[in-house]
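The values are calculated or read from the model by the stated rules, or taken from the named source; none is laboratory data. From a predicted model like this one, the values you see are computed outputs, not experimental measurements. Cβ atoms come from the backbone with ideal geometry, glycine included; neighbour counts cover every protein chain shown. Ligands, DNA and RNA are excluded from the accessible area calculation, which covers all protein heavy atoms including side chains. Shrake-Rupley method; radii C 1.70, N 1.55, O 1.52, S 1.80 Å.
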Amino acid sequence: MSVCATRSEGDIAVISMNSPPVNGLGLPLRQGIAEGLAQAAKDPAIKAIVLTGTAKAFSGGADIREFNSPLMLATPNLHDLIAQIEALDKPVVAAISGVCLGGGLELALGCHYRVAVPDAQIALPEVKLGLLPGGGGTQRLPRLVGVQTALEMVVSGDMVPAAKLAGTKLFDEMVTAGDLLAGALAFARKVAGNRPLPRVRDLQLSQPDAAAFFAAARTQVAKQAGRLPAPLKCLECIEAAATKPFDEGMEVERKGFEFLVNGPESRALRHAFFGERAAAKIPDIPDDTPLRKIDSAAVIGAGTMGGGIAMNFANVGIPVRILEVKQDALDRGLAVIRKNYENQVKKGKLTQEKLDQRMALIQPTLSYADLGTADIVIEAVFEDMDVKKKVFEQLDAVMKPGAILASNTSTLDLDRIATFTQRPQDVVGLHFFSPANVMRLLEVVRGKQTAKDVMATVMQLGRKIRKLPVVAGVCDGFVGNRMINKYSAEALVLLEEGALPQQVDGAIEKLGFAMGPFRMSDLAGNDVGWYIRKRHYAEHPDMRHSLIADRICELGRYGQKTGKGWYAYQPGDRNAHPDAEVEKIILDVSKELGVTRRAIPDSEIVERLVYALVNEGARIVEEGIALRASDIDMMYLNGYGFPLHLGGPMLYADMQGLDKVVARCREFAKNPLSAPGFWEPAKLLAKLAGEGKTFN
Ligand code: T1G
């Protein structure tokens, strides 16, 4: 089927784009449009041209898959199409419905006229891919909607309903009722004789007091942009539109685009874009697997996790029962949930009415009998197998047939948990990340017997409650925590060798991590890690103990919640203050281990922490615990504060070069303090490095 068809409706040519899934402007579609325009141009019977897409998409923009390949600029490229339209002596009317994004909007801006339906979604979202609109959008959009609106749209990349822009020159007419094509044809007949044909590039644009306006805007944008260069480059282009002739502004845009599209940040953001979509695909579960109905939910445990999980359901209108064993725990849990919503109301992010609606959807109970009708239940009780056993035996007794029984466990064996029920096929892991109502990552743990429709259902449910669901297999720590355990273990070795917590945290935070391992541990609670270490010591008697970490915990230094951990904290102040008592413990342990402490460069700290993640991640992919390397990156970007501009640990390793990563692992393996095999390069890593390949 052709991706672009041209036909005549009387004396109007209609060029219809139809290149699933979103009319991405890949080369075949561009060729079809160019041919359609040429055909209409030379046909004397044709007086005007309508360019249209589908109800879902006028066009989702350039085909991102073509980037950094010859196809991206192969002629006719987007600039060629716009130049062809602007050179025509017949009006071209863009008829816009569905999404009209990026290069798709730029194509429409190159047309002489634009008509749209009110609920069409308009955006230049390139900044979200680490880019800027490279098809003239930064120069044409301000000429139609004004500098302020264009700046907001281009720097945020957010969608705006066409109705909101109806009053601007962007749309010559809104087709409010019924058939967009009929409206566009009528409009085309109306303007067919207009001359000279209006070209957006010819519109004059000025911004009063431009210097001061853009100086203020630049400060604002720089603050939000962090490590990402695209927002400021976008601003630079809008400023050029307001202060320079059109063609000079186009040159600023071209240079900015070229800089960004070849930069590491854009590669990372495009990796995140495709990685998020790839994560939704489970090779052995067809996309059209029938889903179980999820109209109501239940949560066991109203603690921090349980309360946050319950909020996710209420936030999307799903009634959710929340169970505790004691009334005061239940009351406390509900009070925390209400407080969270009240804080959002105070910040203007939620209305009082919505707060009341959501609280009404969260129904507290002390009785398991009240849960039986729920379509899914998620337990978020203490991370202890005996406790889980009791809970799942009770759930097995009360939940209706077909209900999904999920555990929020972060490390325990889900297959063992499934044996506490008569329905292992209905058991799945839904590992939320604290705070559960905020963190986007949802680690979906697939048990040996988890049914395919249960997996398909919870993956869809994850997206519905605005999470990013990523599949993990069953092993100790699944994917994310199994890797973070290696990262934390290496951080502790660095202390024994010569570093202090503030140096380790500082080094990795300079790379862009939200928090280094020690500040993170103080926040999460050092006793959590201690509990897991003690389980590991019991399971692996010959395992080397982390003496420093154990001593910190033996002193009750659990972190922020006890006012002391790896750092000291003042009441009401969450800032981490280095503590001489911790430094003494570290120096004492180094002495006991007979280690001559040495100064460790920040660059080595970063390599050892990140490559510890990468090496374990490679093992996880090798074992099939993760379906693909990009899934690991999506987990780390959305659940562990890995810097977005680096795209995740596996992409970071790709960008360093896997051969370099292997060489450094082999170097670190010589460290007598490292656990045996810790730095042995994973087979997959060594194989890819040897073949000159990458994870992604
Ligand atoms: N290029 C290639 N593939 C795309 C695509 C695109 N622009 N947009 C979507 N897809 C694929 C996506 O990977 C998925 O594939 C399928 O379509 C459905 O997407 C020169 C340089 C359009 C709002 O940034 O925001 O123009 O996984 O699952 O939820 O200035 O996709 O099924 O194989 O997201 O209905 C600018 C990005 C490009 C838009 C639809 N455009 N896309 O959402 O479906 S740069 C964008 C979206 C540019 C110019 C510059 C969304 C959507 P698969 P989906 P959806």
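A few notes on this one:
- Residue count, region 5-31 (criterion: open to solvent by 10 Å² or more (accessible area, probe 1.4 Å) and away from the ligand (no atom under 16 Å from the Cβ)): 9
- Some residue of region 62-69 being farther than 20 Å from H271 by Cβ, away from the ligand (no atom under 12 Å from the Cβ) and either in a helix (DSSP H, G or I) or assigned by TED's automatic domain parsing to the domain that holds E35 (or both): no
- Tally, over region 112-158, of residues that are in a loop (DSSP other than H, G, I, E, B), within 16 Å of the ligand (Cβ to nearest atom) and among the small types (G, A, S): 6
- Filter pass, A55 being part of a loop (DSSP other than H, G, I, E, B) and either under 21 Å from A217 (Cβ atoms) or more than 9 Å from the ligand (Cβ to nearest atom) (or both): yes
- Residues being without any contact (Cβ under 8 Å) to a residue 12 or more places away in the chain and within 12 Å of M520 (Cα to Cα) - total across region 562-574: 0
- Against the test of being part of a loop (DSSP other than H, G, I, E, B), open to solvent by less than 30 Å² (accessible area, probe 1.4 Å) and not hydroxyl-bearing (S, T, Y), the options I309, I322, I337, I318 yield a single qualifying residue, I318.
- D522 vs. criteria in the same structural domain as I586 (by TED's automatic domain parsing) and touching a Cys at 6+ places or on another chain (Cβ under 7 Å): no
- Filter result (open to solvent by 30 Å² or more (accessible area, probe 1.4 Å), part of a helix (DSSP H, G or I) and of a type in the set (D, E)) within region 629-687: D659, E667
- Screening region 266-295 for residues that are touching a strand residue (DSSP E or B) at 6+ places or on another chain (Cβ under 7 Å) and in a loop (DSSP other than H, G, I, E, B) and picking the one that is nearest to I378 (Cα to Cα) gives I294.
- Picking from residues in region 167-217 that are under 30 Å from K244 (Cα atoms), among the small types (G, A, S) and open to solvent by 40 Å² or more (accessible area, probe 1.4 Å), the one that is modelled with the lowest pLDDT is S206.
- Test: residue in region 559-575 that is crowded, with 21+ Cβ neighbours inside 10 Å and in a helix (DSSP H, G or I): no
- Region 87-111 - residue that is open to solvent by less than 10 Å² (accessible area, probe 1.4 Å) and over 16 Å from N77 (Cα atoms) and, of those, farthest from the ligand (Cβ to nearest atom): P91
- Near pairs, Cβ below 7 angstrom, 6+ apart or cross-chain, from region 245-269 (more than 15 Å from the ligand (Cβ to nearest atom)) to any residue that is part of a helix (DSSP H, G or I): F246/Q139; F246/R201; E248/A240; P264/M655
- Subset of region 270-283 [open to solvent by 70 Å² or more (accessible area, probe 1.4 Å) and either more than 10 Å from the ligand (Cβ to nearest atom) or at pLDDT below 95 (or both)]: P283
- The residue that is farthest from A669 (Cα to Cα), among those in region 479-501 that are open to solvent by less than 10 Å² (accessible area, probe 1.4 Å) and in a loop (DSSP other than H, G, I, E, B), is V479.
- G134 being under 26 Å from P245 (Cβ atoms), within 29 Å of the chain's Cα centre (by Cα) and among the small types (G, A, S): yes
- Residue-level check: of (1) aliphatic (A, V, I, L, M); (2) within 16 Å of the ligand (Cβ to nearest atom); (3) within 30 Å of P401 (Cβ to Cβ), A230 misses just (3).
- Which numbered condition R466 misses (of (1) surrounded by fewer than 22 Cβ atoms within 10 Å (Cβ to Cβ); (2) in a loop (DSSP other than H, G, I, E, B); (3) more than 21 Å from the chain's Cα centre (by Cα)): (3)
- Within region 438-448, being out of contact with any strand residue (DSSP E or B) (no Cβ under 7 Å at 6 or more places or on another chain) and buried (at least 20 other Cβ atoms within 10 Å of the Cβ) holds for no residue.
- Region 93-124: number of residues that are under 19 Å from A150 (Cβ atoms) and β-branched (V, I, T): 3
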